[in-house]
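Only one structure is covered here, and it is reproduced in the block below.
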């Protein structure tokens, strides 16, 4: 007996299901991003935009400053040179008179700062007083002016002195020492004659201190037998 072939009838529903299976296999599923991730992306883009804007503004400001500086330089070059005002004779004299030769002299515990001016009124001022007022005796006046007397420059300079410490005799010798040093600065050729006179070297002799048991540094009290 030969069996008869049975043909299954395919319904419309089955055909549709088969087609849908094929489509699902070919289609790749795309995941939809979440809302938080979208916000993060937006923030990053905003920051990038702000950075770009800042860079552009910096470049523009630099260019503007360069242009302004160039314009200013060009304007300064184009400007005509201003005529210098001629100084008056009084101003010239003041400038020249402000030039001086300064030196410091010392003797015992006194120190003197001496300044010599070649221009101006010929004066000798010691601590805002004249030489005669400050040193009343002729001997002290001569010691103060000894270096000028040797070089024969008594009426060539305006001299101002500030003296501190010590007594009158020590101050007079300190002034002499300061004037000699200032004269050497004025003219180095004066050095030989002033050194020969003994005014250039600082005299470091000073009074020896008193010892206990004695009347002075070495003077002992008189010995009596009885």
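Nothing in this text is a laboratory measurement; each read-out follows from the coordinates by a stated rule. Remember, it's a predicted structure, so these values are computed and weren't measured experimentally. Reconstructed Cβ throughout: ideal geometry from the backbone, glycine too, with neighbour counts over all protein chains shown.
Per-structure values
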item: Residue within segment 147-169 that is closer than 18 Å to residue 106 by Cα, crowded, with 21+ Cβ neighbours inside 10 Å, in contact (Cβ under 8 Å) with a residue 60 or more places away in the chain and more than 36 Å from the chain's Cα centre (by Cα) present; result: no
item: Pick from segment 124-144, criterion over 16 Å from residue 178 (Cβ atoms) and not in a helix (DSSP H, G or I), ranking: nearest to the chain's Cα centre (by Cα); result: 128
item: Residue within segment 195-202 that is in a loop (DSSP other than H, G, I, E, B), surrounded by fewer than 17 Cβ atoms within 10 Å (Cβ to Cβ) and touching a residue at least 60 places away in the same chain (Cβ under 8 Å) present; result: yes
item: The lone exception for residue 120 - which of (1) in contact (Cβ under 8 Å) with a residue 60 or more places away in the chain; (2) under 30 Å from residue 99 (Cα atoms); (3) part of a loop (DSSP other than H, G, I, E, B) it fails; result: (1)
item: Which listed residue, of 181, 218, 207, 176, is assigned to a loop (DSSP other than H, G, I, E, B) and closer than 26 Å to residue 137 by Cα; result: 207
